[in-house]
Amino acid sequence: MFYTGKIYHRRSEIHGRYKGQQYGGISTPADHSYIFIFTGDAGSEYGYIDNFDTNGTFKYTGEGQEGDMKMSKGNLAIRDHRINNKEILLFEYVSQGFVRFLGNCNYVFHHIEERPDRNGDLRDAIIFHLDIVNTQNTDTAQTLTPKTVEAIKAVYITKPSKGTSLQKLREIALSSTPIQATTEEKIQSIQNRSMAIKLYAKKRAGGICEGCGEMAPFETKSGPYLEVHHLTRLADGGTDLPHNVIALCPTCHRKAHYSLNYLEFNTRLIDKIADIEATLRYQSVKE
């Protein structure tokens, strides 16, 4: 089992246990139900640019260093992971040899676009659009039947607003898109979760910076001004989960990115949000 936000040594802690290709962006162990995919900045000069699309999906570049990418091997494994009962596990490089686990992914769709290969020649590249899901709800998402889809649509297609309750925002943020949903419904779900998590973080803060504990610096038409910061990077987008977001005043937000001790500061923020979320979950159970 891998834990979101935890750092692992790729060679010893991942491949040493599960095998699979030790190099490249996609690893498909033969004897395990995992597909490991790795992202980072190192391959950008060769056309491997992974980031978030405007629709909220995470765009992940397929494998193949020269010529047009083919829908085979690792690329095919990603596209057909549901059919083959495989889980896609996403990791991000944090330093040489070390990667941070960012969560499970589901394939939504893919497109083809021109990107340079390692020789600088333009070629057709496969760009996967992935849904980074809440692993707590993965089993639920996979076992849904057509009879139950309509019952839970109210959660995953509900558009959140400032007036939505904290608990409802949490439910939307933690919802997983059913595999029976159409591509359009999946994208709507991703967008709703992204909107819900930002509203959730601000509502949870209640107008007080969750970093320094001071009141928001000023009021806006939509309420106290606080900025939502993702605690794990993923190209500065981060995963949209309650334990990975914090509402900060502008000063604390910049401190989390640019201060000399930003790593230490972020670690403190992670611990603080973990305590806040644990308290909220306990209160929810009591109610």
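No value in this document is a laboratory result; all are computed from the given coordinates. No experiment lies behind these values; they were computed from the predicted model shown. In this analysis, Cβ positions are derived from the backbone assuming ideal geometry, glycine residues included, and neighbour counts consider all displayed protein chains.
Test of understanding: given the chain, find the longest segment containing no chymotrypsin sites (Phe, Trp or Tyr not before Pro) that are in a DSSP loop and have at most 13 other Cβ atoms within 10 Å. Could you put the intermediate results ahead of the total?
Values: sites that count: 3, 23, 218.
The segment 24-217 is the longest one with no such site.
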Using a Cα-Cα cut-off of under 18 Å, which aspartates and glutamates could be cross-linked to residue 19, ignoring same-chain neighbours fewer than 8 residues away? 31, 87
At a 4.7 angstrom Cβ threshold, list every cysteine in the chain that has nobody to pair with, or say none. 105, 212, 252
Taking R0 as 35 Å, what FRET efficiency do you get between residue 51 and residue 167 from their Cβ-Cβ distance, rounded to the nearest 0.05? 0.65
Loop-resident trypsin sites (Lys or Arg not before Pro) in the range 162-208 with no more than 11 other Cβ atoms inside 10 Å, DSSP not H/G/I/E/B, are 162
Can you tell me the alpha carbon radius of gyration of the chain divided by the globular rule-of-thumb value 2.2 N^0.38 Å? 1.04
Loop GluC sites (Glu not before Pro), the range 1-107, which have at most 12 other Cβ atoms in a 10 Å radius of their Cβ (DSSP): 66
extent check for the range 44-108: Cα max minus min per principal axis, descending, whole Å, gives 33, 30, 29
What's the Cα-based Rg to Rh of the range 7-133, Rh via Kirkwood? 0.94
Calculated FRET value between residue 219 and residue 65, using beta carbons and R₀ = 30 Å, to 0.05: 0.05
Sorted by chain and number, the residues with a modelled amide H under 5 Å from that of residue 87, at a separation of 5 or more or across chains, are 34, 35
Degrees between helix 183-205 axis and first principal axis of the chain (Cα, 0 to 90, nearest 10): 40
Where the centroid of each part is defined by its Cα atoms, how far is the range 158-222 from the range 95-110 in Å? 23
Between residue 124 and residue 18, what's the calculated FRET efficiency when r is the beta-carbon distance and R0 is 45 Å? Round to 0.05. 0.90
Reachable lysines from residue 159, criterion Cα separation under 29 angstrom, eight or more residues apart if same chain: 59, 147, 168, 186, 198, 202, 203, 221, 272, 286
Roughly speaking, what is the stretch gain from residue 73 to residue 283, that is 0.36 nm per residue apart minus the C-alpha to C-alpha distance, in nm to one decimal? 70.9 nm
